[in-house]
Amino acid sequence: MKYQLVLQWSAASQEDHDAVVAMTDDLEQALIEVADVDGWDFGSGEMNIFVYTDDPQAAFAQAKTTLQAHGRLSGLRAAYRDVDGDVYTVLWPKTLAWFEVA
């Protein structure tokens, strides 16, 4: 896979932790045809789900549909980078100027 897609939300509570675990499970099933969900992390005020794919736009479109169906679009930030790169390309929200993983 050529790209790493990162789905990110602000996080601070046990409820947020439980949500990222549930979302990861949902996305593993939804993205099975277009990507590999590598896992998640939680800390430093954020939670992230990491997805490897050759087509980050298609993987994000599928992920967005799944997240919307489960009421998980609120606060979502999404970006991707080359697996060997450091610079992220923002996908969501379109107005987001900067993206990083803490």
Please report, as a whole percent, how much of the solvent-accessible surface of the chain comes from carbon and sulfur atoms (probe radius 1.4 Å). 47 percent
Using a 1.4 angstrom probe and counting only protein chains, how large is the accessible area of residue 80 in Å², to 10? 30 Å²
Per residue, how large is the accessible surface of the chain? Use a 1.4 angstrom probe and give square angstrom. 56 Å²
With a ≥ b ≥ c from the Cα gyration tensor eigenvalues, square-rooted, and the rule rounded for a/c under 1.5, otherwise prolate when a/b > b/c and oblate otherwise, the chain is rounded
Hey, if we sort 76, 96 by accessible area with the 1.4 Å probe, largest down, what's the order? 96, 76
Hz values of 3J(HN,Hα) by residue in the range 53-62 - Karplus curve (6.51, -1.76, 1.60), Gly and Pro given as x: 7, 8, 9, x, 5, 5, 5, 5, 4, 5
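The values are calculated or read from the model by the stated rules, or taken from the named source; none is laboratory data. Note that this is a predicted model, so its numbers are computed, not measured. Accessible surface areas use protein heavy atoms only, side chains included; no ligands, DNA or RNA. Shrake-Rupley method; radii C 1.70, N 1.55, O 1.52, S 1.80 Å.
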